Each structure stands twice: as C-alpha cells, then as structure tokens.
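The values are calculated or read from the model by the stated rules, or taken from the named source; none is laboratory data. Computed from a prediction, not measured in an experiment: that's the story for all the values here. Here the Cβ is made from the backbone with ideal geometry for all residues, glycine too, and neighbour counts use every protein chain on show. The area values use the complete protein model at the heavy-atom level, side chains included, leaving out ligands, DNA and RNA. Shrake-Rupley method; radii C 1.70, N 1.55, O 1.52, S 1.80 Å.
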Amino acid sequence: MQISIQLNGKKITEEIRPDLLLIDWVRQHGCYSVKCGCETSNCGLCTVFLDEKPVLSCSILAARADGRKVDTLEGLKEEAEEFGAFIADQGAEQCGFCNPGMIMNAIALFREIADPTDDEIKEYLAGNLCRCSGYEGQLRGIRAFIEYRKKGGAVCDK
Ligand code: FES
Ligand code: FES
C-alpha cells in the first residue's frame, strides 16, 4: 500500500507492507532515537508525536499515520537539547536508555501545560520506565526547567 507521511517536516510518499509498524518505519528513515524496549506498550522508549500528540510507535501501524505528521526527537533537537541539559544536571541521565522517550513526553507536557503540578508531571511520565534513576532526578530536572521557562529562557513555548 502507498502512504504519505510528513516525518520531521519532510513529506515521504512510498509503498509499505500493510503490517509495518510505525517504529520500524521511522527507524528505516534514520530516526534511531526511537527505540524498542518492550514491544508491549510498557516502556515508553518508542514514543513519537503523531499530529503533535505522543503515541507509542511500537503499537501503531505505519499505515495509521498516512496523511499525518510524525515527529521524533531528531525533529525536535533544539527543544530536546535545551531540556536535556536540565536532566543531566540533576544526575537523572545514567545509562541514558530511557532518555529519548522521557524527553518526548516531557516536551509534550511543556507544550500543553504552562505550570504543571507534580501530579501532572508524573501523569505525563507514567508510561516511561527508567531502570536506573528512581525518577526523582527527572522530576527535579523538569521542575528546574519549568522555573527556567517561567523566566523566559525556553524555546519549548508554542
Ligand atoms: S517499545 Fe513501545 S512501549 Fe516499549
Ligand atoms: S537512565 Fe538508565 S534506564 Fe533511565
């Protein structure tokens, strides 16, 4: 079947197998930040934005993204790098394996809620498993980034 998807701002039209998963499709196009940690919708590593909303690309067919917009960390570099520095500062980046999924959901949070409560932050990160850090560092990094953004320092504001 033929699909046409705007990936990180670039329109791609091509033939695919109907059973191709979105995670495999984006990786075929060089988006290696999108990783497969579980394949069972449990780890959050495969998070991408589909029409600006975070989705688990391991559980969606590429065909479902036909005619839509898909963004990965590769397309959000400026926002990701700016926020990523706050995560690193708090020692939340240990093995770093969970970071891409965690950052995608944090960016979704920053775009959607100006001043989130701790419960709202936890809700956005609930689908992201981290085996190293205990989540406190990520929470501190997010809070610090929100304070920085309140002072007008962030590029994440839409
Ligand atoms: S690989 Fe998709 S949620 Fe784990
Ligand atoms: S830092 Fe290792 S899994 Fe999160």
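Given the chain reduced to its alpha-carbon atoms as identical point scatterers, what log10 I(q)/I(0) does the Debye formula return at q = 0.15, 0.21 Å⁻¹? For the requested q values the scattering log ratios are -0.76, -1.33. Each Lys and Arg contributes +1 and each Asp and Glu -1, all at the Cβ; summed about the Cα centre of the chain, the dipole is approximately 160 debye. Peptides 105-113, 130-138, 8-16 ranked from most to least packed give 105-113, 130-138, 8-16, packing being the mean of other C-beta atoms within 10 angstrom over each peptide's residues. Spatially, the range 19-97 and the range 123-142 are offset by 16 Å when compared through their Cα centroids.
How high is the relative contact order of the chain, given as a whole-number percent (alpha carbon pairs under 8 Å, six or more residues apart)? Before the final figure, lay out the partial values.
Numbers: 256 pairs, mean separation 36.9, N = 158.
Worked out over the chain, it gives 23 percent.
Available extension along the chain between CYS132 and LYS11 is 39.8 nm, counting 0.36 nm per residue and deducting the alpha carbon span. Excluding GLU93 itself, calculate the net charge of residues whose Cβ lies under 14 Å from the Cβ of GLU93, where each Lys or Arg counts +1 and each Asp or Glu counts -1. Cβ neighbours under 14 Å give a net charge of -1.
Got a sec? What order do ARG140, ARG68 fall in by accessible area at 1.4 Å, biggest, i.e. largest, first? Display every interim value, and only then the final one.
On the way: ARG140 100, ARG68 80 Å².
Sorted by accessible area, descending: ARG140, ARG68.
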